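Encoded as structure tokens, the structure appears first; notes follow it.
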Amino acid sequence: MIGKGGCPEQASAKICMRVLVITGAGVSAESGIPTFRGKDGYWRNLDPTKLATPEAFARDPNLVWNWYCERRRRIGRAQPNPAHQAIANLALQADEFLLVTQNVDDLHVRAGLPPEKMVQIHGDIFMTRCSRCEFRRYEHEQEQDGASLPKCPDCGALMRPGVVWFGEQLDLRKIGEVENFVTGGDCDLVIVAGTSALFGYIIDWALRARGQAGQLIEVNPEETSLSQFATRSFREPAGVALPRVVDELLSNGSA
Ligand code: OAD
């Protein structure tokens, strides 16, 4: 057992570390889910203003709904990869842990990550919610096969995917969960994997969470605006680097 920062030695294999992991589309790339901005990424071939904005949904709800149904089906067929498994393993072993994922897929949880240790900051593609009232329900992609655009059973308005679109606010409750963790004590380790880190809040959380002394590890084949702050960078696919990083952590207690 790794004792760190005065943490008492325990018989279990737990590592006494406070860990924040932030993931993006690159972590699901090896499961066959396209990224957004990478080669073959969604936004290379499709216009986000036509598919991922409230205006797009108002203009052509069927087009938007069908695109999300197609993505649900693709995710439903995909399997978690070694990166998801390594993160789930770390979550189970770390003393304090939070995953903030920008991914709307369910692959982290299917790899064994306890849902209460994860915040899906851009929403959940398997959530369907009313575009007007608070009604929402969780559905599996199989139930959506061939389904037409549903209406809210409470108010009759169109239902929409429970994801955050461009121009929309993040869920305040989810921001609160992340802020609680970030302000609850410096992290020994922050891992940022598979994201282009284009959103200011992603960089802000990563830097604030690591505090003065924590490690910041970036896993991404390409450089990002976060790279300059990383204490270690792995320019490899997440499915290759993360199992090694986590194994190293679990056997040495440090990355
Ligand atoms: P992006 O598509 O912007 O970035 C994916 C990142 O993953 C890139 O930096 C790639 O270099 C990296 N990458 C590709 N393959 C990888 C692999 N096998 N292992 C590790 N890294 C790999 O995706 P995000 O950063 O997640 O928002 O994008 C952020 C948000 O922008 C998304 O959540 C989505 C999008 O518009 C909403 O839908 C609100």
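The values are calculated or read from the model by the stated rules, or taken from the named source; none is laboratory data. The model shown is predicted, which means the values in this text are computed figures rather than measured ones. Here Cβ is always computed from backbone atoms with ideal geometry, including for glycine, and neighbour counts include all displayed protein chains. The accessibility values were calculated without ligands, DNA or RNA, using every heavy atom of the protein model including side chains. Shrake-Rupley method; radii C 1.70, N 1.55, O 1.52, S 1.80 Å.
Brief remarks on what is shown
- Of the chymotrypsin sites (Phe, Trp or Tyr not before Pro) found in segment 153-229, the ones in coil according to DSSP and having at most 14 other Cβ atoms within 10 Å of their Cβ are 166.
- Surface share of carbon and sulfur [accessible, 1.4 angstrom probe, percent] for segment 1-136: 51 percent
- Considering only beta bridges that DSSP places wholly inside the chain, some 25 percent are antiparallel.
- Going by accessible surface with a 1.4 Å probe and the largest first, 133, 16 read 133, 16.
- With contacts taken as Cα pairs under 8 Å at a separation of at least 6 residues, segment 106-255 carries a relative contact order of 15 percent.
- Partners for residue 14 among lysines (Cα-Cα distance below 26 Å; same-chain residues under 8 apart left out): 4, 117
- The residues 122, 84, sorted by heavy-atom accessible surface at 1.4 Å with ligands and nucleic acids left out, run 122, 84 from largest to smallest.
- C-alpha long axis of helix 172-183 to longest principal axis of the chain, angle in °: 10 degrees
- Surface exposure of the chain, expressed per residue as accessible area with a 1.4 Å probe, stands at 46 Å².
- Charged neighbours of residue 234, selected by a Cβ distance under 15 Å, balance to -4 (K, R count +1; D, E count -1).
- Helix-only mean residue ellipticity at 222 nm for the chain, each DSSP H run of n ≥ 4 adding -39500 (n - 2.57), per residue, nearest 500: -10000 deg cm²/dmol
- If the chain linking residue 213 and residue 49 were pulled fully straight, counting 0.36 nm for each residue of separation and taking away their Cα-Cα distance, it would gain 55.0 nm.
- Of all accessible heavy-atom area on segment 155-225, the percent that carbon and sulfur account for (1.4 Å): 52 percent
- For peptides 241-251, 41-51, sequence by mean Cβ density within 10 Å, most packed first: 241-251, 41-51
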